[in-house]
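Participant: One structure is given below, represented as structure tokens, and several questions about it will come after.
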Amino acid sequence: MELNWSSLMFCGVVLFLGYISAQVFNLLVSFNRKFRALRKLPQLPSHWLYGHSRELNAESSKSFLDVSTRAMEELDAKVFLLWFGLFPFVHICHPDTFKQVNHKVLTKDTSSAGPYRLLQVFIGEGLLGSNGKKWERNRKLLTPAFHFHILSGYVSVMNKAVDTLTDKLETAAANGKSVDVFPYICRSALDVLVSCSLSNEGNFQDNQNSEYINGVQRILEIHFQRYLKPWQLIDFLFYLSPTGREMKRLCKTSRNFTETIIRTRKEELKKEPSIKEKRRLDFLDMLLTVRDEQGNGLTFEEIHDEVDTFTFAGHDTTACTISWTMYALGLHREAQELVYQDVCDVLGNETDVKTEHLGKFSYLTQFIKEALRYYSPVPAFTRRNEHPIEIDGYEIPSGTGIIVQPYLIHHNKNVWQDHNEFRPERFDADNRDDNEIYGFLPFSAGSRNCIGQVFAMNEVKITIAKLVHKFEIMKDPDHETDIRPEIVMRPSNGIKLFLKKRQN
């Protein structure tokens with residue numbers, strides 16, 4: 001009996017080891033097949049083990065963009081490959097190639113090392129990172145929340161928030177010194193977002209040390225650093241570290257912030273006889289009351305995820321866009337005066353920007369679009385192909401990480417003439433071409449474009465119009481800033497500007 005038991009144990013161990021060996025063998029065969037296919041793509045020389053990761057500075061997010069830019073320029077290709085250790089990532093830097101990817105690959109990268117999976121602890125599984133039927137259902141349900149009629153109701157709220165912003169900036173600039181406008185704009189953008197979409201008076205502009213804003217900025221910094229230190233991509237190890245524990249604490253704080261707002265609104269709606277009697281429907285109202293064809297609404301978790309996604313994405317990218325546009329105004333004084341003249345021509349004697357004004361701006365819109373191209377508020381986003389595809393004649397095996405880089409597309413010499421020059425006139429109607437579809441990607445393109453892009457553009461137009469109407473904007477020559485690409489394109493050292501009140 002003892003011999004039989006020992007034999008069974010021995011056979012079991014042999015079978016187990018055989019199974020493990022077979023799995024490892026299959027994994028190696030699959031990796032070798034993938035490796036051989038991807039080796040055919042244009043790529044810079046790399047180390048057999050470290051790939052291109054030794055060229056990255058773990059303390060500088062810009063190093064990733066520097067390596068990508070060098071690859072695009074030296075290889076002069078529409079698509080190229082970078083290796084982070086043994087992990088290959090296909091990079092897209094031309095509109096023709098992005099068009100192919102956009103038609104063939106709709107899946108966001110939620111793999112174990114995918115950026116959207118890592119973000120789920122912060123914003124859950126909302127539209128930004130969901131896929132398949134869930135994304136299709138929720139996108140369809142949420143689209144009415146961004147209807148023209150709904151967005152028109154937000155214009156007065158945006159004007160009010162920007163008036164507070166201009167007052168704060170006027171006070172800060174009263175001593176004649178330059179002002180770091182970035183934190184002021186972040187607080188204003190969050191005020192707009194929370195007031196419009198959640199009907200919540202957060203009054204963030206009265207709090208110079210917003211726990212939520214500071215938390216978001218730190219979360220995104222940690223998130224990007226995980227890619228520059230690959231061992232931190234292993235959740236078990238990461239969350240045992242001090243940085244991992246900090247990440248959990250920050251995410252819990254941000255989630256609690258929005259959860260309180262949602263639960264309060266849910267109780268309020270129970271007491272109201274009819275949601276239709278509200279003066280203005282907002283984003284949260286729509287989330288709480290929307291129903292699909294089967295009469296099913298969103299779960300509390302789904303609502304929470306969408307609110308967190310929209311609160312983060314809706315204020316952070318917009319704040320960066322406004323900040324870089326102001327920076328560009330300070331650098332290009334002649335163009336600034338053309339923007340000012342355009343604003344005066346459209347507004348006349350009005351002090352508020354109204355809905356009917358938004359479509360009448362000409363040079364202002366061109367200037368904002370050029371700032372979106374030049375500074376690219378979302379420098380990159382990722383996709384993952386579930387099936388083998390072909391791009392530009394290259395085989396891309398299934399399960400490959402694909403990084404679409406709007407910043408590179410916006411600065412590709414084969415796409416944009418004089419790409420390093422800031423020229424708003426390139427967006428004049430007479431100069432418009434196919435570049436503005438797949439070559440201009442501040443809000444992505446196709447079915448997975450940004451659902452809130454009209455909301456964001458309205459806010460940017462209103463903010464810049466009112467700021468340039470009130471101030472002459474000049475760059476502080478003694479202060480240098482640079483792009484800091486993370487999930488969004490942040491300034492590396494704030495944005496200091498001189499603001500001189502105009503004599504209107």
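Participant: Taking only DSSP H segments of four or more residues, each worth -39500 (n - 2.57), what value at 222 nm results for the chain once the sum is divided by all its residues, to the nearest 500 deg cm²/dmol? Present the calculation step by step, with values, prior to reporting the outcome.
Facilitator: Details: 19 runs with 272 residues, N = 504.
Computed ellipticity for the chain at 222 nm equals -17500 deg cm²/dmol.
Participant: Given the convex hull of the Cα atoms of segment 192-330, what is a quarter of its surface area in nm²? Walk me through the numbers on the way to the answer.
Facilitator: Details: hull surface 49.1 nm².
Across all orientations, segment 192-330 yields a mean hull projection of 12.3 nm².
Participant: Amide H neighbours of Gly51 under 5 Å, at least 5 residues apart or on other chains, H built in the peptide plane: list them.
Facilitator: Gly85
Participant: Among Phe122, Phe455, rank each residue by its count of other Cβ atoms within 10 Å, from fewest to most, as a rough exposure measure. Write out the running numbers ahead of the final one.
Facilitator: On the way: Phe122 21, Phe455 24.
Neighbour counts put them in this order, fewest first: Phe122, Phe455.
Participant: Related question: Can you give the Rg/Rh ratio of segment 398-504, where Rg is from the C-alpha atoms and Rh is the Kirkwood radius? Walk me through the numbers before you get to the answer.
Facilitator: On the way: Rg = 17.2 Å, Rh = 17.0 Å.
Using only Cα positions, Rg/Rh for segment 398-504 is 1.01.
Participant: Taking a threshold of 19 Å on the Cα-Cα distance, which of the pairs Lys62/Lys475; Lys62/Lys229; Lys140/Lys369 fall above it?
Facilitator: Values: Lys62/Lys475 22 Å; Lys62/Lys229 14 Å; Lys140/Lys369 28 Å.
Too far apart for the 19 Å limit: Lys62/Lys475; Lys140/Lys369.
Participant: Roughly how far apart, in whole Å, are the Cα centres of segment 480-504 and segment 131-170?
Facilitator: Each part's Cα centre sits 24 Å from the other's.
Participant: Return the sequence-ordered ³J(HN,Hα) values of segment 145-155 in whole Hz as given by the Karplus equation 6.51 cos²θ - 1.76 cosθ + 1.60 applied to θ = phi - 60°, using x for Gly and Pro.
Facilitator: Going residue by residue, I get 5, 10, 5, 3, 5, 5, 5, 4, x, 8, 4 Hz, with x marking Gly and Pro.
Participant: Please list, ordered by chain and number, the residues whose modelled amide H lies under 5 Å from the amide H of Leu82; skip anything fewer than 5 residues away on the same chain.
Facilitator: The answer is Phe89, His91.
Participant: I'd like the Kirkwood hydrodynamic radius of the chain, using the inverse of the mean 1/r over distinct C-alpha pairs, in Å. Don't skip to the answer; put the middle values down first.
Facilitator: Details: mean 1/r = 0.0405 Å⁻¹.
One decimal place: 24.7 Å for the Kirkwood radius.
Participant: Then there is this: With everything on Cα atoms, drop me the angle between helix 132-142 and the longest principal axis of the chain, reported from 0 to 90° to the nearest 10.
Facilitator: Helix 132-142 and the main axis of the chain meet at about 20 degrees.
Participant: Treat the count of other C-beta atoms within 10 Å as a stand-in for reagent exposure and order Ile123, Ile219 from fewest to most.
Facilitator: On the way: Ile123 27, Ile219 23.
With the fewest neighbours first, Ile123, Ile219 line up as Ile219, Ile123.
Participant: Express as a percent, rounded to the nearest 5, the fraction of DSSP beta bridges in the chain (both residues included) that run antiparallel. Present the calculation step by step, with values, prior to reporting the outcome.
Facilitator: Values: 26 of 33 bridges.
Antiparallel: roughly 80 percent of the beta bridges in the chain.
Participant: Now for a separate question. How much space per residue, in cubic angstrom, does the convex hull of the C-alpha atoms of segment 194-235 take up? Could you put the intermediate results ahead of the total?
Facilitator: Numbers: hull volume 4.2 nm³, N = 42.
Expressed per residue, the convex hull around the Cα atoms of segment 194-235 is 99 Å³.
Throughout, read-outs are computed from the coordinates displayed, never taken from laboratory work. The structure displayed is predicted, hence computed values, not measured ones. Heads up, the Cβs are rebuilt from the backbone with ideal geometry, glycines too, and the neighbour counts pull from every protein chain shown.
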